[in-house]
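This report concerns only the one structure given below.
The values are calculated or read from the model by the stated rules, or taken from the named source; none is laboratory data. In this text, all values refer to a predicted model and were calculated from it rather than measured experimentally. Please note: Cβ atoms are built from the backbone with ideal geometry, for glycine as well, and neighbour counts cover all protein chains shown.
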Amino acid sequence: MVATDIAARGIDIDKLNYVLNYDIPNESETYVHRIGRCGRAGETGVSISICEPEENEYARDIEKLIKQKIEAIQNHPFPQTDKPMNAQQKKEFEKEKQRKKQEFFANRNKKRNAGNTNSRNKRRQY
């Protein structure tokens, strides 16, 4: 399950193994409800949370509420930056993201078209 504020309460799924928080809620209790969707009734479960720099304070508040340290995974290919991007950095990031997206779809379309051409040629040979 990918957790959002909408899915944080009132949903009951048997044997849910994983909850992915793509943002940290600003209310600690909401986080507890989100991760409470997995590992219910004696089952095991894993909650994975993606935390932006401006959400670090929320993570500390959650640790205080649950009286546990949340394990931070440091060795991964997407390290957290020290601070959020400024407006210019966001603009450059979005521009690069759009470029990569266009490149991806252009390559995908080329592959599809190449596959369709080969299929048509094969049909003609018979």
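Screening E96, E57, E103, E71 for residues that are at pLDDT 85 or above and exposed (fewer than 10 other Cβ atoms within 10 Å of the Cβ) leaves exactly one candidate, E71. If you check I48, I62 for being in contact with a Phe, Trp or Tyr (Cβ under 8 Å, 6 or more places away or on another chain), assigned to a helix (DSSP H, G or I), surrounded by 11 or more Cβ atoms within 10 Å (Cβ to Cβ) and among the β-branched types (V, I, T), only one passes: I62. The set of residues in region 24-47 that are within 15 Å of I62 (Cβ to Cβ), within 19 Å of the chain's Cα centre (by Cα) and modelled with pLDDT of 80 or more comprises I24, P25, N26, T30, Y31, V32, S47.
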